[in-house]
2 protein chains.
Amino acid sequence: MPKTHRRVVLVRRPPGEPAESDFRIEEVPVPQPGPREVLVRVIYLSLDPYMRGRMRDAASYAAPVGIGEVMTGGTVGEVVASNHPGFKVGDIVEDRLGWQEYAIGGGPALRRIDPSLAPISTANGVLGMPGMTAYFGLLEVGRPKPGETVVVSAASGAVGQVVGQIARIMGCRAVGIAGGDAKCAFVKDTLGFDACIDYKATDDLDAALRAACPDGIDVYFDNVGGPITDAALRNLNVHARVALCGSISQYNATAPETGPRLLGTFVGKRVTARGFIVSDFAAHYGPALRQMGAWIKSGRLKYREDIVEGIDKAPRAFIGLLRGENFGKLLVKLGPEPRA
Amino acid sequence: MPKTHRRVVLVRRPPGEPAESDFRIEEVPVPQPGPREVLVRVIYLSLDPYMRGRMRDAASYAAPVGIGEVMTGGTVGEVVASNHPGFKVGDIVEDRLGWQEYAIGGGPALRRIDPSLAPISTANGVLGMPGMTAYFGLLEVGRPKPGETVVVSAASGAVGQVVGQIARIMGCRAVGIAGGDAKCAFVKDTLGFDACIDYKATDDLDAALRAACPDGIDVYFDNVGGPITDAALRNLNVHARVALCGSISQYNATAPETGPRLLGTFVGKRVTARGFIVSDFAAHYGPALRQMGAWIKSGRLKYREDIVEGIDKAPRAFIGLLRGENFGKLLVKLGPEPRA
């Protein structure tokens, strides 16, 4: 057991795009667990777009990270010391322990993972928060019906890749929007979407959507906001549903950007647009995780991870995430997995 | 019975604000009813914002008015000749007969009105399409709960005035937004809204909304779109509902105007915005009309009409409606009411 470990704290609230200098990597003593607590060696740190919001000191559904505080984030790790009757040394656990190599767990979010079911990294991805976001956002907010067309932006990302595959399982036409040839090929050929539009190679996204969605768009799952979303909204069908999951294109904006006013078009089309937060569905995670696990086991649900090594790489990787540089669910591997 | 009558036809599709020259007043023979038809002398013509959409040759939930065709519109009139077994001369009827002094009725929209229940003009207003729009838009789309705050734009208009009063009946705080002192005084003092913001006298609508809605906005009923709606959207509460009824501020725009991108703010707040068309609720008009009639009878639901005389005034009145110049439900009186 090392005496010290590294963690990443927020040192400045960037108004626009974050820089590595907005974070500081600290070396601090490894903490000791108190009663009913465990010490966790973090193996995987999840990097997710929502973290940009936590860097702002603004009213939100969650409290911001304080200046000098460890960045928040979902983690998968190994229990290395335990004063908790429910967890023993060697247990693999998921919790929201933040950007650090060791951390104290024991709160209500701590849960044991069965490593025999799936690679433990998936507890930060397809079998974790992003997977649940896709599952509930599509099925409960988007409410697709067989034969309908589902469009999802950031289609190769942690959430988007799951959305399109569940849409296919539900009997829908699944159309992705992603940036670059490689991502689009993966979305179509590996994940089995019906089509994928490379927005970087398209100068008329409306026309590309019309071509990829000959029957229009019934469900649009929005991860990006901005001009990509504008194009999707212009091609919605009557009674379309828009699941508002995120707006990554806007997260670094210093003030609200402007765009075409499209809300008025929702009237005649009877469009419903609904924002959601995955934790609103927390009471229903259990059955959803079992369903997702079964789909993975049967080969119907695939996933791709983009793994960066070393906590010192986390700030740069996060900045890249906001630029769309990752390819698949972005994780930082902080240490080795235990031998099976 | 006159041999000829006047009607208003569309002669040009204006790209922006309509001009009187986009319409033509024609004098044509009074038509003769065929089998199962009635001849109606129109007494009231309803002028409504949706008609601007019918002047466009664009895909919509309803077909456009053709060039040279009579403008569409809701009407109240008197049966002056009948070959229909269900209607007799002297009956007062409501139908969608358009901008003309005489018209043939007999389609599925033709319905008899009981003049003893309320003034017959209300069949074009509080007890007609605008009233039903308010009723279903607020109750079925907005879904207000007692104690919540409901904000409605165009609050003195045909729909807005009803929305706020039903909100009050439901136990909500009702806040209107309207243009000018007189309209705001009417909304507060006569209709009983808790507050009304004069957007023409306010240079910080966000601050005015925060002051008028100390607990935030739970339901926003949108009739206008544009900057007024932006301000309302910025002040929504978590789990707020937005009933998208219309966007009158945008109807004369030649291309989508731009505005701040606010859809991303719907995510953390879990906002639901839903567009609706009143006719989607047509199967439920009966009970709604009985409820509205009872509220009128008991004095809980008031209404104001803005009546212009003569079909030749219809184009100018309609242009004024799009500018917000009317004060209350805008009607054109084409001829006298029958003596009781």
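Write out the cysteines belonging to chain B for which the nearest other cysteine Cβ is not under 4.7 Å, or none if no such cysteine exists.
Isolated Cys, chain B: B:CYS172, B:CYS213, B:CYS245.
How much accessible area does A:TYR61 have with a 1.4 Å probe, in Å² rounded to the nearest 10?
The accessible area of A:TYR61 comes to roughly 90 Å².
Under a crude label model (7 Å from the Cα following the beta-carbon direction), how far is A:VAL80 from B:ALA294 in nanometres?
7.0
Just the Kirkwood number for the protein assembly as shown, please: inverse of mean 1/r across all distinct Cα pairs, in Å, one decimal.
27.8
Please identify every one of the trypsin sites (Lys or Arg not before Pro) in segment A:72-177 that sits in a loop by DSSP and has no more than 12 other beta carbons within 10 Å of its own beta carbon.
A:LYS88
So what's the back-of-envelope 222 nm ellipticity for chain A, counting only DSSP H runs of four-plus at -39500 (n - 2.57) apiece and dividing by all residues, rounded to 500?
Result for chain A: -5500 deg cm²/dmol, rounded to the nearest 500.
Less than 15 Å apart at the alpha-carbon level, and either on another chain or at least 8 residues along: which aspartates and glutamates does that give for A:LYS200?
Straight-distance partners of A:LYS200: A:ASP181, A:GLU325.
Using only the Cα atoms of segment A:90-157, what semi-axes does the equivalent ellipsoid have when each is the square root of 5 times a gyration tensor eigenvalue? Give whole Å, largest first.
30, 13, 12
For the protein assembly as shown, give the share of DSSP beta bridges that are antiparallel, in percent and rounded to the nearest 5; count only bridges with both residues there.
55
Over 24 Å between Cα atoms: which of B:LYS145/B:LYS269; A:LYS88/A:LYS329; A:LYS88/A:LYS333 fall into that group?
Flagged as over cut-off: A:LYS88/A:LYS329.
Other chains' Cβ within 10 Å of B:248-259 residues: what's the mean?
If you average over the peptide's residues, the count of other-chain Cβ atoms is 3.
How many nm is it between the label spots at A:ALA58 and A:GLU27, if each spot is 7 Å from the Cα in line with the beta carbon?
Simple spin-label model gives 3.8 nm for this pair.
Treating only the Cα positions of chain A as identical point scatterers, give the base-10 log of I(q)/I(0) from the Debye formula at each q in 0.07, 0.08, 0.09 Å⁻¹.
These q points yield log10 I(q)/I(0) values of -0.29, -0.38, -0.48.
Suppose the chain between A:GLU140 and A:GLU325 were pulled fully straight at 0.36 nm per residue; how much longer would it get relative to their current alpha carbon spacing?
63.7 nm
With every protein chain in place, what's the accessible area of A:ASP181 (1.4 Å probe, Å², nearest 10)?
130
Accessible surface of A:SER82 in the full protein assembly, 1.4 angstrom probe, to the nearest 10 Å²?
Taking all protein chains as shown, A:SER82 has close to 40 Å².
Report in % the part of the accessible area of the protein assembly as shown that belongs to carbon and sulfur, leaving out ligands and nucleic acids; probe 1.4 Å.
After summing per-atom areas, the C and S share lands at 52 percent.
Once you sort the root eigenvalues of the Cα gyration tensor of segment A:130-279 as a ≥ b ≥ c, which label holds: rounded (a/c under 1.5), prolate (a/b larger than b/c) or oblate (the other case)?
In terms of gyration-tensor shape, rounded.
Given a 10 angstrom Cα cut-off, can you work out which residue in A:ALA103, A:ALA62, A:ALA208 is the most mobile in a GNM of chain A?
The residue that fluctuates most here is A:ALA62.
Using a 10 angstrom cutoff on alpha carbons, build the Gaussian network for chain B and name the most mobile of B:LEU205, B:LEU110, B:LEU263.
Of B:LEU205, B:LEU110, B:LEU263, the Gaussian network model singles out B:LEU263 as fluctuating most.
Just to confirm my numbers, what's the Cα centroid distance between segment B:275-340 and segment B:143-184 in Å?
Centre-to-centre (Cα) distance: 17 Å.
Classify segment A:169-240 as rounded, prolate or oblate, taking a ≥ b ≥ c as the square roots of the eigenvalues of its Cα gyration tensor: rounded when a/c is under 1.5, otherwise prolate if a/b is larger than b/c and oblate if not.
Because a/c hits 1.5 or more and a/b fails to exceed b/c, segment A:169-240 counts as oblate.
On a straight-distance basis, which aspartates and glutamates could pair with B:LYS3 in a cross-link, Cα separation under 19 angstrom, same-chain partners fewer than 8 positions away excluded?
Answer for B:LYS3, where 19 Å is the Cα cut-off: B:GLU26, B:GLU27, B:GLU37, B:GLU78, B:GLU101, B:ASP312, listed by chain and number.
Once you put a point 7 Å from the Cα of B:MET1 and another 7 Å from the Cα of B:ASP114, both along the Cβ direction, what distance in nm separates them?
3.0
Just by accessible area at a 1.4 angstrom probe, what is the order of B:PHE318, A:PHE327 from largest to smallest?
Heavy-atom accessible area, descending, gives A:PHE327, B:PHE318.
Provide the net charge surrounding A:ALA167, with neighbours chosen by a C-beta distance below 13 Å and charges set as Lys +1, Arg +1, Asp -1, Glu -1.
Surrounding charge for A:ALA167 is +3.
What shape does segment A:193-339 have by the C-alpha gyration tensor, where a ≥ b ≥ c are the square roots of the eigenvalues, rounded means a/c under 1.5, and otherwise prolate means a/b greater than b/c and oblate the rest?
Taking the square roots of the gyration eigenvalues as a ≥ b ≥ c, segment A:193-339 is prolate.
The values are calculated or read from the model by the stated rules, or taken from the named source; none is laboratory data. Because the structure is predicted, anything quoted here is derived from the model rather than measured. Cβ: placed from backbone, ideal geometry, glycine included. Neighbour counts: every protein chain shown. Ligands, DNA and RNA are excluded from the accessible area calculation, which covers all protein heavy atoms including side chains. Shrake-Rupley method; radii C 1.70, N 1.55, O 1.52, S 1.80 Å.
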